[in-house]
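The values are calculated or read from the model by the stated rules, or taken from the named source; none is laboratory data. None of the values given here were measured: they were computed from a predicted structure. A quick note on method: Cβ atoms are made from the backbone with ideal geometry, for glycine too, and the neighbour counts reach across all protein chains shown. Ligands, DNA and RNA are excluded from the accessible area calculation, which covers all protein heavy atoms including side chains. Shrake-Rupley method; radii C 1.70, N 1.55, O 1.52, S 1.80 Å.
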Amino acid sequence: MSTRCNGRSSAGCSTFNSDEAVKRITAGKDIQALSLSMVNAAQRDYMELHTWRFTVPLRKEEASAPPAPVVERGVRRRSIYSTEYFDTEVGYHFIQHAISHGTEVRIYRHAPMKMKLIDEDAALVPLTPSGASGVLYVRAPIIVHALRQYYELLWARATPLSNQQSSTTPTCGSLNEVHRQLLRLMALGLKDESIANRTGLSLRTVRRHIASIMEILSAETRFAAGVAAAKRGLLD
């Protein structure tokens with residue numbers, strides 16, 4: 001037996017046999033140490049799935065920059081956040097912090113669980129909604145591959161976040177890029193306040209744009225607007 005994480009020595013990680021394909025870890029300090037070790041071990045890809053499930057409130061100061069070696073290696077970092085992150089100032093801070101440090105971010109309505117993946121080597125999946133009291137550290141190639149495929153399916157369905165906003169004025173009966181962006185966020189079920197936070201627009205401006213969208217699409221409700229937009233291929 002030896003103390004290793006993903007084949008790399010690491011203090012604080014649970015002890016396991018080198019031939020173990022799946023390891024159950026329940027100690028909070030071991031989970032944190034293993035999570036950090038996984039980030040440092042990434043060579044090509046590091047992927048995360050975030051849900052708004054915590055045993056203690058999330059704090060802004062917990063947002064951290066990726067390790068310098070990971071950045072220097074050019075590791076592609078991707079994160080999918082549940083839409084609930086937009087409903088609080090702290091959650092929105094985490095999304096903005098990730099984007100500012102080069103992480104590709106997408107949002108997904110009702111993300112199913114938390115998850116971490118590195119390369120084709122390992123995955124960390126929770127045993128509880130928060131993942132704070134129990135995780136499975138998976139190194140079995142067939143399971144890791146399946147989890148990566150699942151992540152890619154979610155990634156393809158999730159909505160990309162862009163910092164670019166268009167000021168294009170719509171022509172009669174047409175939608176501009178701002179309208180399209182708002183439609184995508186509306187389709188995720190975000191409230192007007194959350195959309196305003198995400199886009200940097202005022203709440204009044206968001207509501208004015210939404211009214212314009214519904215008029216252009218001849219929709220009486222937000223749901224009807226989403227259906228009409230989907231039929232026109234405006235949510236792709």
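Structure values in brief
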| item | result |
| --- | --- |
| Charged-residue dipole, Cβ positions (Lys, Arg, Asp, Glu), the chain about Cα centre, Debye nearest 20 | 160 debye |
| Relative contact order for the chain, counting Cα pairs under 8 Å that sit 6 or more residues apart, in percent | 17 percent |
| Heavy-atom accessible area ranking, 1.4 Å probe, most first, across 116, 191, 60 | 191, 60, 116 |
| Ranked by how many other beta carbons lie within 10 Å on average, peptides 151-160, 129-138 from highest | 129-138, 151-160 |
| Order of exposure, largest accessible area first, which applies to 53, 73 with probe 1.4 Å | 53, 73 |
| Euclidean distance of C-alpha centroids, segment 110-163 and segment 66-80, integer Å | 17 Å |
| Top of 199, 83, 51 by mean-square fluctuation, Gaussian network on the chain, Cα under 10 Å | 199 |
| Cβ-defined net charge surrounding residue 145, 15 Å radius [Lys, Arg +1; Asp, Glu -1] | -2 |
| Dipole magnitude of segment 73-133 about its Cα centre (Cβ charges: Lys, Arg +1; Asp, Glu -1), debye to nearest 20 | 140 debye |
| Per residue accessible area of the chain, 1.4 Å probe, in Å² | 53 Å² |
| Value at 222 nm in deg cm²/dmol, rounded to 500, when DSSP H runs of n ≥ 4 in the chain each add -39,500 (n - 2.57) | -12000 deg cm²/dmol |
| Selected from 118, 153, 68, residue furthest toward positive end of dipole (the chain; charges at beta carbon) | 153 |
| Summed side-chain charge close to residue 124 - residues other than residue 124 whose Cβ falls under 9 Å, Lys, Arg +1, Asp, Glu -1 | +2 |
| Unit charges at the beta carbon, dipole of segment 84-236: most positive-side option, 97, 144, 228 | 228 |
| Choice from 150, 92, 46 showing the highest fluctuation, given a GNM over the chain with Cα pairs closer than 10 Å | 150 |
| Pairwise FRET efficiency - residue 65 versus residue 29, Cβ, R0 = 22 Å, nearest 0.05 | 0.50 |
| 4 °C / 1.567 mPa s Stokes-Einstein diffusion coefficient of the chain, Kirkwood radius on C-alpha pairs, µm²/s | 67 µm²/s |
| Which listed pairs, of 191/231; 29/60; 29/191; 23/191, have C-alpha distances above 32 Å, in listed order | 29/191; 23/191 |
